[in-house]
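In what follows, a structure is listed as structure tokens, so that the remarks can point back to it.
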Amino acid sequence: MITDGFFILDPSQVPWAIDVREIGRGIVQLSKYGWHPNYIMLYDQPWTLAHQLSDVMLQSTGNRVTFDWLAYHIEPPDGTGFPPHRDGSVADAHCWHADGGPRIVTVWVSLGQSGPANSCL
């Protein structure tokens, strides 16, 4: 995390309490009917996922989740988002803990068949 600015967890490392594919299907349906994917947050499943992410975030970075949410619907095969990157400027002191760990962290959860090469982050 400190060197590359990101890390990747295998899905088996986070035993989700819900079927994350359900969230993905909901986002596809919202998009199909012209609604922004962020409306998925009206349902319980994303908040259950967020609760589990709180533990992962705290253990891996020392940060607590602030619930600044964005949902994306990237349509394969041509849809792409942003490549893996580090949020916050390396030169900006307020972005870093004294030990060098990041204060600003983004969590990306693939809800479909996407990975770092064709994802949002």
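The values are calculated or read from the model by the stated rules, or taken from the named source; none is laboratory data. Since the model is a prediction, treat every value here as computed from it, not as a measurement. Here the Cβ is made from the backbone with ideal geometry for all residues, glycine too, and neighbour counts use every protein chain on show. The area values use the complete protein model at the heavy-atom level, side chains included, leaving out ligands, DNA and RNA. Shrake-Rupley method; radii C 1.70, N 1.55, O 1.52, S 1.80 Å.
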- All conditions in (1) closer than 28 Å to D99 by Cβ; (2) open to solvent by 40 Å² or more (accessible area, probe 1.4 Å) are true of Y33 except (1)
- Task: Read through the list (1) more than 17 Å from L9 (Cβ to Cβ); (2) open to solvent by 70 Å² or more (accessible area, probe 1.4 Å); (3) more than 14 Å from the chain's Cα centre (by Cα); (4) modelled with pLDDT under 85, then give the number of the only condition that Q59 fails.
- Result: (1)
- Message: Taking the conditions exactly as written (of a type outside the set (D, E), in contact (Cβ under 8 Å) with a residue 24 or more places away in the chain and either open to solvent by less than 30 Å² (accessible area, probe 1.4 Å) or not in a loop (DSSP other than H, G, I, E, B) (or both)), does A71 satisfy them or not?
- Response: yes
- Condition broken by G26, with the remaining ones in (1) more than 13 Å from the chain's Cα centre (by Cα); (2) open to solvent by 30 Å² or more (accessible area, probe 1.4 Å) satisfied: (2)
- Output yes when any residue across the range 77-95 is open to solvent by 100 Å² or more (accessible area, probe 1.4 Å), over 24 Å from E22 (Cβ atoms), at pLDDT 75 or above and touching a helix residue (DSSP H, G or I) at 6+ places or on another chain (Cβ under 7 Å), and no when none is. no
- Message: Looking at the range 1-23 only, could you name the residues that are open to solvent by 50 Å² or more (accessible area, probe 1.4 Å) and touching a residue at least 40 places away in the same chain (Cβ under 8 Å)?
- Response: M1, I2, D4, F6, F7, I8, L9, R21
